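The values are calculated or read from the model by the stated rules, or taken from the named source; none is laboratory data. All of these numbers come straight from a predicted model, not from anything done at the bench. Every residue, glycine as well, gets a Cβ built from its backbone with ideal geometry; the counts of neighbours run over all protein chains shown. Each accessible area value is taken on the protein alone, full model and side chains, heavy atoms only, with ligands, DNA and RNA left out. Shrake-Rupley method; radii C 1.70, N 1.55, O 1.52, S 1.80 Å.
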Amino acid sequence: MKNHNKGFTLLELIISITLIGIIVVILAGAMRVSSRSIASGEKKIEYLDRMRATINFIDSQIQSQIPLTYEEDGENKYYFKGERELLQFSTNYSIWGGEKGYVIATYWVQTNSNGKQDLYVSETIVGTGLKRETKLTEGMDSIYFEYFDKDPTEERGTWVDNWDDDTSIPEKIL
């Protein structure tokens, strides 16, 4: 009589289960890596979108700058103030969008506890004193403003860190 076995041996089952376990561990690791990669990519996209929007807001406000003056000690002075870590000017473009009239936009850089720099903005509506502020960016290595100074009689100008002239505004802001 012939004895035909129609099943698997114990050794074959152990090898099969071990191989399936190894494949599952490899697939789980790959899924975890891809999930982290997707999350990292989405975080980077969100950061870049925020930076693009911030730069667009600042650019739009600077392009809409109005050389508005106020009187102090009998002398007309511009609302413009330019320092390496502070920029203030008058504009008719509000980043909150719903404000009517002129606003004084003030951007300033503040170093946080990690030694990184954050950029803030505030807007004050001229004549009302109503003020709003928010943090635009955080954790930047370096943020600063520069101003293009060119005398009308000179052919070339220079970039300066501070704008000290109360009677004029710079041609360009970087």
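From the mean inverse distance of alpha carbon pairs (Kirkwood) and the Cα radius of gyration, derive Rg over Rh for the chain.
A ratio of 1.45.
Summary of the geometry: region 3-45 and region 104-126, compared by the centres of their Cα atoms, lie 51 Å apart. The charge dipole of the chain, taken about its Cα centre with unit charges on the Cβ of Lys, Arg, Asp and Glu (plus for the first two, minus for the last two), comes to roughly 2080 debye. Normalised per residue, the accessible area of region 21-174 is 68 Å², obtained with a 1.4 Å probe and no contribution from ligands, DNA or RNA. Simple rule: put +1 on each Lys or Arg Cβ and -1 on each Asp or Glu Cβ in region 109-163, find the dipole, and look at V121, W159, S142; the Cα lying farthest toward the positive end is V121.
Seen against the Cα atoms of the chain and their longest principal axis, helix 10-63 is set at about 10 degrees. Taking the chain as the region of interest, the number of lysine pairs whose Cα atoms are within less than 23 Å, with members eight or more places apart or on different chains, is 17.
Between K135 and K6, the distance separating the two model label sites (each 7 Å from Cα on the Cα→Cβ line) works out to 7.1 nm.
For every other residue with a beta carbon closer than 12 angstrom to the beta carbon of K150, add +1 if it is Lys or Arg and -1 if Asp or Glu, then tell me the sum.
Every neighbour counted, the sum reads -4.
Give a quick list of trypsin sites (Lys or Arg not before Pro) in region 112-168 that DSSP marks as loop, anything other than H, G, I, E or B, with at most 15 other Cβ atoms within 10 Å.
K116, K150, R156
For region 86-171, which whole percent of the accessible surface, found with a 1.4 angstrom probe, sits on carbon and sulfur atoms? Using a 1.4 Å probe with all protein chains present, region 86-171 comes out at 42 percent carbon and sulfur. If a spin label sat at a point 7 angstrom from the Cα of S113 along the line to its beta carbon, the backbone N atoms of region 132-161 nearer than 18 Å would be those of 138-140.
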